[in-house]
Amino acid sequence: MLENRRLLRVLRRTVLQAVPTILGIIILNFLLLKLAPGDAADVMAGEFGAATEETMAMLRQRFGLDVPVLQQLLAYLSNLAQFSLGQSPRYGVPVSELIGQRLPSTLMLMVMALAIAFGLGIALGTAMALTAGRWPDRVLSLVSLFFYSVPGFWIGLMLIVLFSVKLNWLPSGGQETIGAGLTGLDYALDRLKHMILPATSLALFYVAIYGRLTRAAVLEVSSQDYVRTAAAKGLPPLAITLRHVIRNALLPVTTLAGIHLGGILGGAVVIETVYSWPGLGRLAFESVTRRDFNVLLGVLLLSSFLVIIANTLVDLLHAWLDPRVEVR
Amino acid sequence: MTAKLLDVSSLTIAFPRGTPVADFGFAIGEGETVAVVGESGSGKSLTALAIMRLLPRTARIASGSIGFRGRDLLALPEPDMRKVRGREIAMIFQEPMTSLNPVLTVGKQIAEVLRLHEGLSAEAARKRSIELLDLVRVADPHLRVDDFPHRLSGGMRQRVMIAMAVACRPKLLIADEPTTALDVTIQAQVLDLLDRLRRELGMALMLITHDLGIVGQWADRVVVLYAGRGAEEADAGPLLEDPLHPYTKGLLAASPRLDARLHYTAGALREIPGSIATAQREPGCPFVPRCAMALPSCRISPPPLEEIRPRRLLACPPTAAQEQANASAVGR
C-alpha cells in the first residue's frame, strides 16, 4: 500500500538520523562525566575510611581508570562495539545485567505515566476548549495551573498521605507486595495498584501541559472551515468533535510528547526515590553518588535510545495521523 | 412561478454590536437558481448561514422566519435541524482549500454524509462516493476516493465539496461564492456542473456571489443586497438590462462586460464612491451616503422592498415614483 510505504520512508529517515546522534551522545556523556572531580576509587576509599596510595592505584588500575581519558574513551567505545556496556566497579557485575533488572520497571512506569498524561490531558483540554470562557474551563484551568506549578515529589508525597496513609486504598511504595506469592490476574492487579500512585505523580505535570496544549489546539481547529463543513453535513456535535476536531488537534500534542519523553525519564529519578520504585532513575541517581560511571553511562546511553525510539514512534504516529507529512 | 421552496421573510441577524442583516426577505422556488448579489460585508454569507442555522455563537436571529417546505426552520429543534442539514439543504463554501478536513480521505468525507443520512454501510457508502465523484466529473474516481485533500487542486476540491453536498439529493443547495477562489476557466466548469446537477437532481440553487457576470449567465432571479437590506429583486435578464436601484446601477457600471450596450469604451470602469461601512448607523436608506440622487425623505426610515410591477421589487421610493410616472406617460 502507498500508505505503508510512506510510513516506511519516515521510519528509515528517522533511523538514519539516529546513528550520529547516539554516537555524539556517548562521546559527550563520557567526556562530561570525566570532567567531574572524583572517581569510583575515591568514593570507595572514602567509605573504607582510609586507603594507601598503593591501594588507590591498584583499584584504579583494576577499573581501568589509570590511563589517559582519551584511551579510556576508546576502550569504552571498543567495548560498546562488542555490545558490552562494561563492568560496574561497585557491584562487580556487568552493567547490562544491572540495567536489565531495572529497565522493565521504569519502562512500565513511563508507559503508564505517558498514557495517563495523554489520556487525561487530551480529555481535560477538550473539556476546557468546549466550555471555553465558562466556569468549567476556569476551574479546570486553575487545576492544570496547579499541577503545572507544584513539583512532582510534593505531589507524590501528598498522594501517599491521602491514598495510602489516610484512605489506605493504595500501597505507598515498591512495585509489588513482597512475599504475597500472587499469581496470574491477582499478580497483575497487585502490580497495577503499586503503579497507580507513582505513575500519576509523574504524569500530572504533563497532564497539565497536554491539557493546556489541547485546549489551544481544539479552539483553533474548531474555527477551521472544515469543521463548519462537518456541521453543514448535519453531524451531531460529538461526531464533529471526535472525527474532525480532536484528530487535527492531536497533531501539535503528539509532536511535543516526543520531546517530553526525556523529561519524563528525568522526572522518574525523583518519583522512583519517593516511591522506592526499583527503576533506572534510582540506579542512575545511586551511580552518580558512587561515581559508578560505567553504570551511569550505560543508563544514559539506554535513555537516549529510549528517547530516540519514542521519537521514532511519535514520528510514525504523526505521519499516520497527518497524511500531509511526507519525506522531504 | 413555481411553488416556494424557501421563504425568508423579515430576517434580522444581530450581533452584540450592530445588525448586519436587517428585515431581509426573499424566496426561492423549486428548481430555481436565485443569485444573491452584494459586496463584501453586505450580509450574503450570514443569510446563508442563518438558513443553515450555523451562525457564529455571538450572532442572534432577532426576528423573522425561514420557511422551508412548510416548516419554519428557525422554530425547529436542533436534532430536527441536523436532519435538514446535508439532507434537504446542503451548502458549499467559498474556500475549497480549507473546507475539507486534511486528515480524512475525500472518500471518507463524502461517505460520512451518506452513512449519517441514508444509513448506508461503509462499503455501500464507499461505492456511492465513487459514483458521486464520477457524477461531478472527477477523473479516475476509484483512485481519487482514497486521496487526501492536499493532493487535489482547488477545482477538484470544490468538485468534491459539491459531490458531498449533493450526496443526499438535497432540495436546496446553497453555494457561497463557490468560484471566488478558483481560476476563471475552472469557474465556468464548476458553475456548469452546478447547473447540470440542479437540473438533473431537481434542486434549487442559492448562488451567493459578487460577480454580476455569473448572474447573467446562470441565475433565474437576482436579489441585490446592500448593507443587510434588500435593495432590488428581479428576474436576471430584466435586472441586468434595466437596473433600477442606484446601487444596482452602480454595481453594473463597475463590472466589466462584453455586452456592448453597457460597455464603457470611453474609459475606466466607474466606481461607487464611498464604502459600505458608512451604512452602519444610517437611520434611513443605507445607501444614502453613497447615493447621487438621495432626497431628504430617504434619510428618515429604511425603504421597504416593494413590488413596483410584476416580478420586480425595489427599495427606492424616488426611483419607484419616477418609474410610475414614466409608465403612466407611456400609457397615456
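The average projected area of chain B, computed from the convex hull of its Cα atoms over all directions, is 18.7 nm².
Counting Cβ atoms of other protein chains within 10 Å of each Cβ in B:78-86 and taking the mean gives 3. Compared with its chain on its own, the stretch B:96-116 contains the following residues whose accessible area drops by 50 Å² or more in the full protein assembly (probe 1.4 Å; ligands, DNA and RNA excluded): B:98, B:101, B:102, B:103, B:112, B:116. Along the axis of the charge dipole computed for the protein assembly as shown (Cβ charges of +1 for Lys and Arg, -1 for Asp and Glu, origin at the Cα centre), the listed residues B:120, B:288, A:21 are led at the positive end by B:288. Dipole size of the protein assembly as shown about its Cα centre, with +1 on Lys/Arg Cβ and -1 on Asp/Glu Cβ: approximately 720 debye, rounded to the nearest 20. The dipole here belongs to chain B: it is taken about the Cα centre, uses +1 on the Cβ of Lys and Arg and -1 on the Cβ of Asp and Glu, and is about 520 debye.
Residues of the stretch A:301-323 whose accessible area (probe 1.4 Å, heavy atoms of protein chains only) drops by at least 30 Å² once all protein chains are present, relative to their chain alone: A:323. Shown are B:26, A:63, A:205, whose ranking by accessible area with a 1.4 Å probe and every protein chain present, most to least, is A:205, A:63, B:26. Accessible area per residue for chain B is 45 Å², calculated with a 1.4 Å probe on protein heavy atoms, without ligands, DNA or RNA. Between A:303, A:277, A:210, the Cα set farthest toward the positive side of the dipole of the stretch A:99-321 (charges on each charged residue's Cβ, about the Cα centre) is that of A:210. Note on residue A:305 and residue A:148: with the Förster distance fixed at 35 Å, the Cβ-Cβ geometry gives a FRET efficiency of about 0.75.
A straight chain from residue A:289 to residue A:196 at 0.36 nm per residue would run longer than the Cα-Cα distance by 30.6 nm. Solvent-accessible surface, computed for protein heavy atoms with a probe of 1.4 Å, shrinks by 20 Å² or more for the following residues of the stretch B:51-69 when the other protein chains are added to the isolated chain: B:54, B:57.
Between residue A:84 and residue B:321, the simple spin-label model (points 7 angstrom out along Cα→Cβ) gives 10.9 nm.
In chain A, the calculated helix contribution to ellipticity at 222 nm averages -25000 deg cm²/dmol per residue, counting -39,500 (n - 2.57) for every DSSP H run with n ≥ 4. Of the solvent-accessible surface of the stretch A:55-189, computed with a 1.4 Å probe over protein heavy atoms with every protein chain present, carbon and sulfur atoms account for 69 percent.
Each pair of Cα atoms in the stretch A:35-142 enters the Kirkwood radius, and Stokes-Einstein at 10 °C and 1.306 mPa s then converts it into a translational diffusion coefficient of 85 µm²/s. Between residue B:76 and residue A:238, the FRET efficiency from the beta-carbon distance, with R0 = 30 Å, is close to 0.90. For peptide A:230-242, the mean count of partner chain Cβ atoms within 10 Å of a residue's Cβ comes to 6.
Just read off the accessible area of residue A:245 with the full protein assembly in place, 1.4 Å probe, to the nearest 10 Å². Estimated to the nearest 10 Å², residue A:245 gives 10 Å². Using a 1.4 Å probe over protein heavy atoms, the accessible area lost on pairing B with A, summed over both chains, comes to approximately 2200 Å². The calculated FRET efficiency for residue A:225 paired with residue B:142, based on their beta-carbon distance and R0 = 22 Å, is about 0.20. For the stretch A:225-293, the solvent-accessible area with a 1.4 angstrom probe is 33 square angstrom per residue.
Pairs of Cα atoms in the stretch A:25-86 fall into 10 Å distance bins, from 0 up to the last occupied one, in shares of 20, 47, 27, 6 percent.
Subtracting the Cα-Cα distance of residue B:69 and residue B:15 from their residue separation scaled by 0.36 nm leaves 16.6 nm. Accessible area per residue for the stretch A:56-183 is 59 Å², calculated with a 1.4 Å probe on protein heavy atoms, without ligands, DNA or RNA. Between the Cα long axis of helix A:280-289 and the first principal axis of chain A there is an angle of about 40°, rounded to the nearest 10. Reducing the stretch A:242-261 and the stretch B:111-164 to their Cα centroids gives an inter-centroid distance of 27 Å. Under unit Cβ charges (Lys, Arg +1; Asp, Glu -1), what dipole magnitude, rounded to 20 debye, does the stretch A:99-321 have relative to its Cα centre? Here the size comes out at about 440 debye. Among the listed pairs B:83/B:127; A:233/B:171; B:4/B:249; B:83/B:171, those with a Cα-Cα distance over 18 Å are B:83/B:127; B:4/B:249. Computed with every protein chain present, the accessible area of residue B:146 is close to 80 Å² [probe 1.4 Å]. For the residues B:48, B:236, B:139, a GNM of chain B with alpha-carbon springs under 10 Å puts the largest fluctuation on B:139.
The convex hull drawn around the Cα atoms of the stretch A:104-218, when projected onto a plane and averaged over every direction, covers 8.1 nm².
The largest accessible area among B:65, A:223, A:96 belongs to the first residue in A:223, A:96, B:65, and the rest follow in falling order (1.4 Å probe, all chains). Within the same chain, lysines fewer than 8 places from residue A:193 are excluded, and of the rest, those with a Cα less than 19 Å from its Cα are A:166.
Ordered from largest to smallest accessible area (heavy atoms of protein chains, 1.4 Å probe), the residues A:277, B:218 come out as B:218, A:277. With the convex hull of its Cα atoms as the shape, chain A has an orientation-averaged projected area of 23.0 nm². Equivalent-ellipsoid semi-axes for the protein assembly as shown (Cα gyration tensor, √(5λ), whole Å, largest first): 71, 26, 24.
The values are calculated or read from the model by the stated rules, or taken from the named source; none is laboratory data. Computed from a predicted model, the values in this text were never measured in an experiment. Virtual Cβ from ideal backbone geometry, glycine too; neighbours counted across all protein chains shown. Heads up: the accessible areas ignore ligands, DNA and RNA and are worked out on the full protein's heavy atoms, side chains in. Shrake-Rupley method; radii C 1.70, N 1.55, O 1.52, S 1.80 Å.
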